[in-house]
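Computed from the coordinates by the stated procedures, all read-outs in this text should not be read as laboratory data. What you are looking at is a predicted structure, and each value in this text was computed from that prediction instead of being measured. Cβ atoms come from the backbone with ideal geometry, glycine included; neighbour counts cover every protein chain shown.
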Amino acid sequence: MSKILIVEDEEAIADLEKDYLELSGFDVEVANDGENGLVMALEGDYDLLILDLMLPGVDGFEICRKVRDEKNTPIVMVSAKKDDIDKIRGLGLGADDYMTKPFSPSELVARVKAHLARYDRLIGSVAEKNKVMEIRGLKIDTTARRVWVNGEEKTFTTKEFDLLAFLAAHPNHVYSKDELFREIWDMESVGDIATVTVHIKKIREKIEMDTSNPQYIETIWGVGYRFKM
Ligand code: CA
């Protein structure tokens, strides 16, 4: 079931949106102010965000910007003022859609469904049949076990390749070092989770332009790693 976060300070509007989305089969959570909304959006695992622009505390502009720095979750921004919508578009914050209040709940549901379907297609096309994945200049052929970075082929050891292909096939999912070790190395392997760290470092040296600011495999401090879609 798709999980949606509504960040909206007007409780009557939030309740209405929540009711309609739940009737359409979505799992919905609500934050009534900007601070909670930002924390929930960053820490929670939502499939889509509905973000009001004018909020007490942290406003919708800032939440959108901060979420986009870390995630590709579809964002629908709503505002009572048409002018604000034009302003948001102009800022290029990376929201996926904009709606002016008041809108009909059924229109909101229709747009939410459309964005979720589009996002699923995007994710699905990248991992299509797990054969060739292409992500921003990185091409991984899992059948031939070959990797190219901006057209240039790079050589990978077996485990480096397995680790990269596994992470890339599960984008935006955070894996702990333990999980990765168990996934990639079989039970008889000598080694421990430090092996994972070493392999991540070697992979980054091959695929990242700047290893101190990785664009593909991110370190989630205290948790593990995530392949950024
Ligand atoms: Ca508001």
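Here are a few things to note about the model shown:
- Estimated FRET transfer efficiency (residue 103, residue 36; beta-carbon r; R0 22 Å; 0.05): 0.40
- Helix 82-91 axis, angle to the chain major axis (alpha carbon atoms, nearest 10°): 20
- Judged by the gyration tensor of its Cα atoms, with axes a ≥ b ≥ c, the stretch 1-129 is rounded; a/c sits under the 1.5 cut.
- Compared with the dominant principal axis of the Cα atoms in the chain, helix 158-169 is inclined by about 10°.
- Expressed in units of 2.2 N^0.38 Å, where N is the residue count, the Cα radius of gyration of the stretch 1-47 is 1.08.
- When the C-alpha to C-alpha distance is required to be over 21 Å, the pairs from 71/101; 71/113; 18/82; 154/177; 139/206 that qualify are 71/101; 18/82; 154/177.
- Extending 7 Å from Cα along the Cβ direction at residue 11 and again at residue 198 yields two label points whose distance is 5.8 nm.
- Maximal additional length on extending the residue 210-residue 166 stretch stands at 13.7 nm, based on 0.36 nm per residue less the C-alpha distance.
- Both radii are taken from the alpha-carbon atoms of the stretch 169-229; with Rh as the Kirkwood radius, Rg/Rh is 0.96.
- Taking the convex hull of the alpha carbon positions in the chain and averaging its projected area over all directions gives 14.0 nm².
- Convex hull volume per residue for the stretch 18-83, taking Cα atoms only, in Å³: 96
- Taking every C-alpha pair closer than 8 Å and separated by at least 6 residues, the mean separation divided by the residue count of the stretch 22-92 gives a relative contact order of 30 percent.
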